[in-house]
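Right, one structure below, let's go through it.
The values are calculated or read from the model by the stated rules, or taken from the named source; none is laboratory data. Nothing here was measured: the structure is a model prediction, and the numbers come from that model. Here the Cβ positions follow ideal geometry from the backbone for every residue, glycine too, while neighbour counts run over all protein chains shown. Please note that ligands, DNA and RNA were not included when accessible areas were found on the heavy atoms of the full protein model with its side chains. Shrake-Rupley method; radii C 1.70, N 1.55, O 1.52, S 1.80 Å.
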Amino acid sequence: MTEEELKDIPAEELPFSFSGKPRTLKVLFRFAPILVLLFVLLISLFTLKGPGNLFQAISEMYNYMAFAIKVMFDAHLKSEFVTMTNNMLVDKNIVSFALVIMITVYLVINLFSTLYAYDEKKDNKLSKLVSFIVIIFAAYLTFWKIPVFVISFFSLRQNITYLVSFFLGLYLIGVLIFMLVMFLIKLTTTKS
């Protein structure tokens, strides 16, 4: 909040405002969406291989996504990618699999946008140009290349099912984590 906005808040309500909270609570509140996504990503990875094989699940998903990026730009590998996908999905939860992929893509895009916002504060023209090109490329991948790639493998009904499951699951988990954060904030403010 700016100093002008702080002046508009009555003095008796100032301790309850966001600016009146301790720095740790402010940081927790700002990073809550990323923490929720990381929590969901961890749970999804647990469901893919089990808690004892978390590093194996991370390694397999990394190799799978790296190969998917390669296939996105080289259509000759499409049949090999379909075989790899079928092998990965044997005895696994497909919703967890889709969640891992979508959350990872979202976190990478979020990282790009954070870097771009950080570079906006600088006056370096070359840095701004590079950031702008990276953001344009990330937008191209996000809004064109990845959707066309995914849609080419699945029917419209399957795509809609995966998207609805992803957003519904993410929304419900987000609401639960939000309520938990609000409960923790309430606990810490009543003790003070």
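Only one of (1) part of a helix (DSSP H, G or I); (2) at pLDDT below 80; (3) among the charged types (D, E, K, R) fails for GLU80. Which number is that?
(2)
Listed residues VAL150, VAL164, VAL134; which is at pLDDT below 75, part of a helix (DSSP H, G or I) and either under 24 Å from ILE43 (Cα atoms) or of a type in the set (A, V, I, L, M) (or both)?
On the way: VAL164 fails: at pLDDT below 75; VAL134 fails: at pLDDT below 75.
Going through VAL150, VAL164, VAL134 in turn, just one is at pLDDT below 75, part of a helix (DSSP H, G or I) and either under 24 Å from ILE43 (Cα atoms) or of a type in the set (A, V, I, L, M) (or both): VAL150.
Considering only residues that are surrounded by fewer than 17 Cβ atoms within 10 Å (Cβ to Cβ) and within 20 Å of TRP144 (Cα to Cα), which ones fall in segment 42-71?
MET65, ALA66, PHE67, ILE69, LYS70
Quick check on my filter: what residues within segment 136-147 are among the β-branched types (Val, Ile, Thr) and open to solvent by less than 70 Å² (accessible area, probe 1.4 Å)?
Start the filter on segment 136-147 by keeping residues that are among the β-branched types (Val, Ile, Thr), which leaves 136, 142, 146.
Across segment 136-147, the qualifying residues are THR142, ILE146.
What is the one condition in (1) modelled with pLDDT under 75; (2) surrounded by 13 or more Cβ atoms within 10 Å (Cβ to Cβ); (3) within 25 Å of THR142 (Cβ to Cβ) that LEU111 does not satisfy?
If we test LEU111 against (1) modelled with pLDDT under 75; (2) surrounded by 13 or more Cβ atoms within 10 Å (Cβ to Cβ); (3) within 25 Å of THR142 (Cβ to Cβ), just (2) comes out false.
Here is a list of conditions, (1) at pLDDT below 85; (2) open to solvent by 80 Å² or more (accessible area, probe 1.4 Å), and TYR171 meets all of them except one; can you say which number that is?
Condition not satisfied by TYR171: (1).
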